[in-house]
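Each reported figure results from applying straightforward, stated rules to the coordinates on display, with no laboratory input. Since the model is a prediction, treat every value here as computed from it, not as a measurement. All Cβ positions, even for glycine, are placed from backbone atoms using ideal geometry, and neighbour counts span all protein chains on display.
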Amino acid sequence: MFIFLFQKRRVELFIFDWDGTLWDSPRIFHYFSELAKKLRKQKKLSEKEKIEIIKELRKKQAQIQKLRKIESFIYSLVMLIFREHPKKYAIKAIKFLKKKKKKIAIFTDARRSRVIFYLKKYNIEVDYLVTSREIKNFKPSSLGIELLLFATNTKKSEAIMIGDSKEDILAAKNIGIKSIAIGDGFGSIEELSQISDFSFKDFPSFYKWLRRNLSKI
């Protein structure tokens with residue numbers, strides 16, 4: 001009985017960044033996100049606005065939203081020009097976690113329609129998707145993580161953020177959840193390893209570690 005009471009809580013919610021973490025995206029998209037942060041003011045959401053977003057999240061909106069034909073055409077063209085593709089083992093990592101009954105969320109500065117285009121194209125199943133643009137709070141604001149925790153009824157000790165930038169890791173630290181840094185994205189692994197709970201030189205290294213250590217985090 002006492003062993004059960006003091007058993008370590010395992011991570012149930014895995015929150016992934018998109019560009020540079022799950023996706024091998026050109027640096028120009030990172031520059032666009034940084035520019036958007038500077039041009040858009042952070043907004044403090046009312047409790048009513050938060051509740052509405054949480055309601056939408058609970059509908060698992062990432063899977064039900066349809067793209068317009070023009071959006072699909074534009075992103076198909078962008079994919080050909082910039083050769084965007086998932087990181088090696090990224091899809092396998094998500095499928096592995098889903099098989100283990102874990103909740104998967106994406107918290108990104110990227111456009112929602114662009115992320116959904118690739119989720120559908122590669123048949124990637126995630127449970128939740130929050131974009132900084134729609135909640136008007138860019139990372140390192142942790143509002144997106146806060147909303148995901150509420151929507152999924154997950155305790156902070158049961159969630160972890162996986163990202164490739166300083167902003168991703170700080171968003172996790174600001175709200176008090178664990179973080180994993182991926183070193184082959186837009187951030188410096190030397191810097192990220194100093195502020196994250198775990199760090200890996202690239203996504204394949206993270207995936208191999210995850211398969212061996214899922215029950216320990």
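Between D197 and K99, full extension at 0.36 nm per residue minus the direct alpha carbon distance yields a gain of 32.8 nm. In this structure, H85 and S113 have a Cβ-Cβ separation that, at R0 = 22 Å, corresponds to a calculated FRET efficiency of about 0.75. In terms of overall dimensions, the C-alpha atoms belonging to segment 77-147 reach 35, 29, 17 Å along their principal axes, ordered largest to smallest.
Mind running the shape call on segment 104-198? Use the C-alpha gyration tensor, a ≥ b ≥ c as the square roots of the eigenvalues: rounded below 1.5 for a/c, prolate if a/b tops b/c, oblate otherwise. Note, shape of segment 104-198 comes out oblate.
What order do you get for E158, E190, E49 when you list them from fewest to most C-beta neighbours inside 10 Å? Spell out each step's value before the answer.
Values: E158 17, E190 9, E49 13.
Lowest to highest Cβ neighbour count: E190, E49, E158.
If you take every DSSP beta bridge whose two residues both sit in the chain, what share of them, in percent to the nearest 5, is antiparallel? About 10 percent, rounded to the nearest 5.
Could you pull out the pairs from K55/K92; K43/K208; K92/K166 whose alpha carbons sit more than 32 Å apart here? Listed pairs above 32 Å: K43/K208. Consider a paramagnetic label point 7 Å from the Cα of I74 along Cα→Cβ; state which residues of segment 108-133 have an amide N under 15 Å from it. Taking a point 7 Å out along Cα→Cβ of I74, the residues of segment 108-133 whose backbone N falls under 15 Å are 110-118. Residues whose amide H comes within less than 5 Å of that of F16, counting only those at least five positions distant or on another chain, are A105, I106, F107, I162 (H built at 1.01 Å from N in the peptide plane).
Given a cut-off of 25 Å, name the pairs among K95/K120; K69/K103; K66/K136 whose C-alpha atoms lie farther apart than that in the structure shown.
Check vs 25 Å cut-off fails for K69/K103.
At q = 0.09, 0.13, 0.14 Å⁻¹ the log10 of I(q)/I(0) for the chain amounts to -0.34, -0.72, -0.84, computed by Debye summation with a single uniform scatterer per C-alpha, solvent ignored.
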